[in-house]
Amino acid sequence: MKWVYQRRRFHLALHLSFAGILVGWIYQRTIQTSLLSFFAVGVSWWFYRDSSSASYRIDGYLCLGRAKRAECDNLFITVSLHKHREKRSDWARFARHEKPYTHCIMKKYANLFGQFRKLDALTNLVCSNVSQITKTHYPTADTFLYFNEDRYRSLYRSWGENGIFNHKKNDVSPLLYGMLNYHIEGIDSGLRSGYSVQSSLVINPIEQFASEHVKSKYLDSLYSGKYVGCFGLTEPDAGSDPASMKTTAVEEKDYYVVNGSKIWITNSPIADVFVLWCKNESNQIIGLVSERTDQITTPAITEKLSLMCSPTGYIYMDNLKIPKTNQLNVRGLRGPFTCLNKARYGISWGVVGAMESILNIAIDYVDERKQFNQSLSSFQLIQNDLVHCIELYNHSLNNSFAAAELIQSFDDLDKHLALISFLKKTNCENALVVARLCRDILGGNGVSNAYHIIRHVMNLEAVNTYEGTKNIHKLILGRELLGKNAFF
Ligand SMILES: Cc1cc2nc3c(=O)[nH]c(=O)nc-3n(C[C@H](O)[C@H](O)[C@H](O)COP(=O)(O)OP(=O)(O)OC[C@H]3O[C@@H](n4cnc5c(N)ncnc54)[C@H](O)[C@@H]3O)c2cc1C
């Protein structure tokens with residue numbers, strides 16, 4: 001980022017010196033100063049044109065694309081001090097969807113403990129860019145209401161171009177991964193679900209447990225976002241208790257024949273790559289990777305009223321043949337749980353991003369909304385609710401930053417089972433309290449999609465359930481901290 005600062009200073013100096021030459025010519029009017037002045041204006045224009053678009057490549061791997069001048073300014077501002085120059089929301093414009101949604105406009109409450117100052121320029125720059133790209137694909141409140149395959153795939157490809165799926169090569173740290181989830185879920189939990197599934201639940205097991213053949217066949221297309229992946233664990237009769245799954249994989253020659261059904265699978269209706277968990281003839285859980293074939297059908301769950309922009313569906317496998325070379329090198333529940341640990345960690349950050357967005361909307365709203373001749377923000381009862389929400393937000397944010405300090409590498413996740421369950425459970429609970437209270441604070445507008453909070457409420461209900469419900473995480477905490485297994 002130093003480079004951006006220096007270049008701007010250089011431009012300023014250049015413009016000032018040219019202005020000086022111009023003034024000199026106006027006073028003296030000689031041929032030499034006149035020519036010099038023409039030359040000066042030409043060079044000045046050239047540099048100005050150059051500064052209006054710039055291509056960034058940070059540390060040689062995260063291509064942040066060509067950014068227009070306005071976008072550069074945004075990046076510049078975010079990176080420098082998290083200052084914001086957004087005007088106060090105009091709620092009429094907001095309701096007409098002209099102002100899409102407010103997110104990552106750092107208010108005082110969001111930096112109470114100065115946590116964001118710990119982030120380096122690269123983390124800020126990547127997150128800001130990913131946030132902008134995501135908003136470009138989902139610009140208005142309406143775009144979150146229905147799943148649109150073209151829009152969704154195009155976002156995946158843009159994320160892929162920015163390198164955020166490729167954790168191994170790009171060495172995405174737990175902190176950066178957390179912040180990416182924070183920024184994406186600040187926009188919508190359904191989009192963060194898509195990011196979590198592809199990165200933690202599909203790419204992650206293939207990187208860790210798949211054969212070289214499978215890696216070379218699928219990874220590049222998954223990194224680039226050309227392929228969309230899904231993770232099939234939950235079954236109609238096996239949710240919180242995946243060990244009771246009924247899907248079978250029977251060995252035949254050099255392949256497995258898989259039969260069974262999965263339910264509530266994010267991305268399944270459009271997935272190109274399937275990570276499937278089944279039981280072999282020895283009743284052991286194994287993982288298999290398959291591409292879409294005629295033996296896989298994936299109807300969508302159309303009744304869902306949460307995470308609306310994210311596709312969720314079934315997977316029916318009818319004598320599906322998967323080559324043995326596509327088997328993951330892991331046995332038992334360790335396979336799926338290794339993936340879930342990383343996803344749960346990401347979710348615990350994501351919901352804090354949603355809290356920030358919700359608070360931004362509610363705080364702006366109470367300032368502008370008047371009842372009984374006073375703005376809502378001046379009533380003690382409203383302040384009571386908002387301060388409670390701010391406390392919960394800061395608790396969760398602090399928990400997440402503390403966890404990122406402790407978990408230096410994703411290879412260490414197995415050592416932090418209790419911490420991850422604590423984070424997922426507590427942050428989701430806090431996010432739901434914040435979302436429901438702020439929805440109430442907006443009165444009737446609280447249930448309007450134009451004001452976004454009701455969408456976050458509905459989303460967070462699902463986020464609280466998947467990847468382990470509140471009860472399941474309490475049971476994990478009881479087992480890990482009290483040494484008693486109370487699952488059954
Ligand atoms: C939108 C969405 C997307 C999803 N995406 C995926 C995906 O991509 N891949 C995938 O595999 N799954 C996915 N899931 C499934 C999700 O992980 C399960 O819904 C979750 O694990 C809960 O399982 P269940 O719905 O069967 O509920 P159940 O297991 O039937 O639980 C019902 C209730 O009983 C409680 N309960 C269960 N056991 C106990 C116990 N021992 N003690 C006390 N209380 C208990 C639970 O806490 C819960 O409150 C998704 C779900 C949703 C809603």
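The values are calculated or read from the model by the stated rules, or taken from the named source; none is laboratory data. Everything quoted here is computed from the prediction, not taken from an experiment. Positions of Cβ are backbone-derived with ideal geometry, glycine not excepted, and every protein chain shown enters the neighbour counts.
What to note about this one:
- Just one residue in the set LEU481, LEU423 is touching a residue at least 12 places away in the same chain (Cβ under 8 Å), part of a helix (DSSP H, G or I) and either hydroxyl-bearing (Ser, Thr, Tyr) or surrounded by 16 or more Cβ atoms within 10 Å (Cβ to Cβ) (or both); that residue is LEU423.
- Flag for ASN373 being more than 18 Å from VAL434 (Cα to Cα), loosely packed, with under 14 Cβ neighbours inside 10 Å, modelled with pLDDT of 95 or more and of a type outside the set (A, V, I, L, M, F, W, C): yes
- Qualifying residue in segment 323-345 (condition: out of contact with any helix residue (DSSP H, G or I) (no Cβ under 9 Å at 6 or more places or on another chain) and among the aliphatic types (A, V, I, L, M)): no
- Number of the exception - LEU413 against (1) at pLDDT 95 or above; (2) touching a Lys or Arg at 6+ places or on another chain (Cβ under 8 Å): (1)
- Residues satisfying the stated conditions in segment 215-252, i.e. surrounded by 13 or more Cβ atoms within 10 Å (Cβ to Cβ), away from the ligand (no atom under 16 Å from the Cβ) and of a type in the set (D, E, K, R): LYS215, LYS217, ASP220, LYS226
- Taking (1) touching a residue at least 24 places away in the same chain (Cβ under 8 Å); (2) not in a loop (DSSP other than H, G, I, E, B) in turn, GLY444 satisfies each apart from (1).
- The one condition from (1) part of a helix (DSSP H, G or I); (2) crowded, with 16+ Cβ neighbours inside 10 Å that ASN384 does not meet is (2).
- Checked against (1) modelled with pLDDT under 95; (2) within 11 Å of the ligand (Cβ to nearest atom), LYS484 passes all but condition (2).
- Residue check for ASP120: without any contact (Cβ under 8 Å) to a residue 12 or more places away in the chain and either buried (at least 20 other Cβ atoms within 10 Å of the Cβ) or within 28 Å of PRO205 (Cβ to Cβ) (or both): no
- Boolean, CYS438 is part of a helix (DSSP H, G or I) and within 13 Å of the ligand (Cβ to nearest atom): no
- In segment 441-458, residue surrounded by the most Cβ atoms within 10 Å (Cβ to Cβ) [restricted to those that are among the aliphatic types (A, V, I, L, M) and within 16 Å of the ligand (Cβ to nearest atom)]: VAL457
- Some residue of segment 299-319 being away from the ligand (no atom under 12 Å from the Cβ), within 30 Å of ALA435 (Cβ to Cβ) and of a type in the set (Ser, Thr, Tyr): yes
- Residue ID - farthest from THR136 (Cα to Cα), chosen from residues in segment 185-196 that are in contact with a helix residue (DSSP H, G or I) (Cβ under 6 Å, 6 or more places away or on another chain) and either assigned to a helix (DSSP H, G or I) or free of Cβ contacts under 8 Å to residues at least 12 places away in the same chain (or both): SER196
- Only a single item in (1) within 11 Å of the ligand (Cβ to nearest atom); (2) crowded, with 16+ Cβ neighbours inside 10 Å is not met by ASN430, and it is number (1).
- Selected residue [polar (S, T, N, Q), within 30 Å of GLU303 (Cβ to Cβ) and either in a helix (DSSP H, G or I) or touching a residue at least 60 places away in the same chain (Cβ under 8 Å) (or both)] from ASN394, ASN471, ASN398: ASN471
- 2 or more residues touching an Asp or Glu at 6+ places or on another chain (Cβ under 8 Å) and touching a residue at least 24 places away in the same chain (Cβ under 8 Å): qualifying strands (runs of 3 or more DSSP E) within segment 197-305: 248-252, 255-266, 273-279
- When segment 387-400 is filtered for residues that are within 13 Å of GLY114 (Cα to Cα) and buried (at least 21 other Cβ atoms within 10 Å of the Cβ), only LEU397 remains.
- Counting only residues that are within 17 Å of the chain's Cα centre (by Cα), outside any helix (DSSP H, G or I) and surrounded by fewer than 18 Cβ atoms within 10 Å (Cβ to Cβ), segment 123-161 holds 1 of them.
- Inside segment 459-472, residues that are more than 8 Å from the ligand (Cβ to nearest atom) and either of a type in the set (Asp, Glu) or surrounded by fewer than 20 Cβ atoms within 10 Å (Cβ to Cβ) (or both) make up a count of 1.
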